[in-house]
Structure formats: structure tokens, C-alpha cells
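Some notes on the structure that comes next.
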Amino acid sequence: MKRLFITLLVYLLINGYNLNSQNIYSVDKWMEYIEELATETEDEERIESLYADLSYLTEHPFDLNSVTETELKRLPFLSDRQIRSLLAYRVKYGKLVTLYELKNVEEMDFQTISLLLPFVYIGDISVDKRPFTVKNLLKYGFNELQIRYDQCF
């Protein structure tokens, strides 16, 4: 009986983990964004040029560690505040190590990040590796814990 209970518990834990970890996110959110703009706007030339520009940018994405404000302004779904916030985050904390760091940028929400992902990447980052000693820990050991919790109603 005890063995059956443990087996059942392990089975439920593994399946519960798989259900939560297998979220599939569409990388074509920008196409849905353009379609939504097309329904709101009658200017077909503007929509076609925007589609062509964004298609080009998906094939040639920006490196987030070297992107400039003018390059980010080419993305119509980013506001000026979001662009400034992203660049200020990069100045304050240094180069981004992973795309998941975009969640830490103040003005960025999940929808904007999902729109942004096809247009950006993180280039190679060289990290200085120092030996783990008490002296280095005291000298370079600045740590920060960031927790973010979002819930949809």
C-alpha cells in the first residue's frame, strides 16, 4: 500500500511538472500585431512597408547588448519609455546575459517581451572568472535577489 502511494505521488508530481513546463509561446506575435493594425488602419502602403521592415528585422535581429535607441525605434510596439528603460537597465546592470533578463526591465510587460523576442538576441558574453576565495568574495561579491510574481485575473 505504501509503495502504491509513493508511486502514485511520484507519477502526479512528474505529470504536474510537465504540464507547467511545456508552455509553447508563439514567436509570430508580431504578425498578429500587424493584422490588428491592418484592421484599424486603411493605409495599406504603410502596413505593407511595416510588414516588410519587420520581416527583414526578424531575419537580421538586433544584439540587445549593442542596440541603439534609433534601431529600437524601428519597432512600432515599443514606446519611448520602454526604449529608455531598456537602455537604462543595460547601463545600470551591464550587458544582458540572457533574454529572460528582459522581465527585469521596469516598463516591459509579458506581451511586449513576446513581441520583441523575434527581433533581438544576446551575443556572446565573455565573463571574467575569478577563483572562489574569501578575498574575491568580499571584493566582488555583490548579490541581488529579484523576485517577480504576475497573476492574470
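The values are calculated or read from the model by the stated rules, or taken from the named source; none is laboratory data. Note that this is a predicted model, so its numbers are computed, not measured. Cβ atoms come from the backbone with ideal geometry, glycine included; neighbour counts cover every protein chain shown. Just the protein is used for accessible areas: all its heavy atoms, side chains included, with ligands, DNA and RNA removed. Shrake-Rupley method; radii C 1.70, N 1.55, O 1.52, S 1.80 Å.
Of the residues making up the range 49-63, just one is among the acidic types (Asp, Glu), under 18 Å from the mean Cα position of the chain (by Cα) and farther than 17 Å from LEU99 by Cα, namely GLU59.
Consider the range 42-65 and keep the residues that are of a type in the set (Phe, Trp, Tyr) and open to solvent by 70 Å² or more (accessible area, probe 1.4 Å). The one that is farthest from ASP124 (Cα to Cα) is TYR51. On the basis of being surrounded by 13 or more Cβ atoms within 10 Å (Cβ to Cβ) and either touching a Leu at 6+ places or on another chain (Cβ under 6 Å) or not aliphatic (A, V, I, L, M) (or both), does TYR89 make the cut? In short, yes. Mind checking whether some residue in the range 113-129 is in contact (Cβ under 8 Å) with a residue 40 or more places away in the chain and more than 11 Å from the chain's Cα centre (by Cα)? So far as the range 113-129 goes, yes, one or more of its residues are in contact (Cβ under 8 Å) with a residue 40 or more places away in the chain and more than 11 Å from the chain's Cα centre (by Cα). Here GLY94, GLY141, GLY123 are screened, and the one residue that is at pLDDT below 90 and touching a strand residue (DSSP E or B) at 6+ places or on another chain (Cβ under 6 Å) is GLY123. In the set GLN111, GLN146, only one residue is open to solvent by 100 Å² or more (accessible area, probe 1.4 Å) and not charged (D, E, K, R); that residue is GLN111.
Does THR7 satisfy being assigned to a helix (DSSP H, G or I), polar (S, T, N, Q) and modelled with pLDDT under 85?
On the way: assigned to a helix (DSSP H, G or I): yes; polar (S, T, N, Q): yes; modelled with pLDDT under 85: yes.
So THR7 passes the test.
Being among the β-branched types (Val, Ile, Thr) and touching a helix residue (DSSP H, G or I) at 6+ places or on another chain (Cβ under 7 Å) narrows it down to one of ILE147, ILE113, ILE125, so name that one.
Numbers: ILE147 fails: touching a helix residue (DSSP H, G or I) at 6+ places or on another chain (Cβ under 7 Å); ILE125 fails: touching a helix residue (DSSP H, G or I) at 6+ places or on another chain (Cβ under 7 Å).
Selected residue: ILE113, the only one of ILE147, ILE113, ILE125 that is among the β-branched types (Val, Ile, Thr) and touching a helix residue (DSSP H, G or I) at 6+ places or on another chain (Cβ under 7 Å).
Entry remark, the range 23-48: residues being more than 15 Å from the chain's Cα centre (by Cα) and in a helix (DSSP H, G or I) number 15 in total. Among the residues here, THR68 does not qualify as open to solvent by 40 Å² or more (accessible area, probe 1.4 Å) and at pLDDT below 90.
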